[in-house]
Amino acid sequence: MKIFCIGRNYADHAKELNNKVPKQPLVFMKPSTAVTYEKEIPYPSFSSEVHYELEVTLLISKSGKDISVADASDHYSDIGLGIDYTARDIQSQCKAKGHSWEIAKAFDNSAALSTFYPKSNFDLDNIQFHLDVNGKTVQKGATKHLIFKLDYLIHHISKYFTLERGDIVMTGTPAGVGPIHPADHIKGYLEGDLILENLIITK
């Protein structure tokens, strides 16, 4: 399993972190050890500023390389949610030094995933999703606001990597990212349905 992540794919999120809106998808990866379906998420000991980033996720169902935009929809079958947990303090340190920032994005349990549902259940151009922390809505998004649409992401990623069945694509997060703390209760909703729930615990 490979987890492909897209950074800065909502203009309002890029602006809130003082980043330029990209002209091509910003792709990074997480290892399979980053994935968790567990409710309890341990707060990493190496960071003091971990942020949540809720994202619509795609499940790859058909392998391929150099996939055209027209054929892209044939290569993913299901839709879910994922939270890209990010050690923002570590990421900022790495960026300031001009270093890559995998250690801030790809650590264990940094990709919390929901179950997946058939994409035929959704209007792919306008999937609605939101995140609550301790009962308060902190992020709201819709795929109609994506800079790079779902099919284009499949096309773009497949130019550089062979997509294989079982791979995951995390499509980017809207504005509203913020810090988590031990004992926080985090809930992700897809089209109004609760499908992802995390409780942040101390290791």
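The alpha carbons of segment 150-203 give a radius of gyration and a Dmax of 15.7, 42 Å, in that order. Karplus-based coupling profile of segment 108-117, in residue order and whole Hz: 4, 6, 8, 10, 7, 10, 8, 5, 10, 10, with θ = phi - 60° in 6.51 cos²θ - 1.76 cosθ + 1.60 and x standing for Gly or Pro. When every Cα-Cα distance of segment 88-203 is counted in 10 angstrom steps from zero, the calculated P(r) takes the values 10, 35, 39, 15, 0 percent.
If you wrap segment 3-202 in the convex hull of its Cα atoms and look at it from every side, the mean projected area works out to 10.2 nm². Derived scalar couplings between HN and Hα for segment 72-86 equal 4, 5, 6, 9, 9, 10, 9, 10, x, 10, x, 10, 8, 6, 10 Hz in order, rounded to whole Hz, by the Karplus curve 6.51 cos²θ - 1.76 cosθ + 1.60 (θ = phi - 60°), x for Gly and Pro.
Across segment 161-174, rounded Karplus estimates of 3J(HN,Hα) from the backbone phi angles (6.51 cos²θ - 1.76 cosθ + 1.60, θ = phi - 60°) give 10, 6, 7, 10, 4, x, 5, 10, 10, 9, 8, x, 10, x Hz, Gly and Pro being marked x. Using 0.36 nm per residue and subtracting the Cα-Cα separation, the extra length available between K23 and A11 on full extension is 3.2 nm.
Residues whose amide H comes within less than 5 Å of that of E197, counting only those at least five positions distant or on another chain, are G188 (H built at 1.01 Å from N in the peptide plane). Dimensions of segment 40-114 along the principal axes, based on C-alpha atoms and rounded to the nearest Å, stand at 42, 33, 16, largest first.
If R0 equals 22 Å, the separation of the Cβ atoms of H181 and K144 corresponds to a calculated FRET efficiency of about 0.10.
We did not get these values from a lab; they are worked out from the coordinates using the rules stated. Because the structure is a prediction, the values reported are computed rather than measured. Ideal geometry is used to build each Cβ from the backbone, glycine not excepted, and the neighbour counts take in all protein chains shown.
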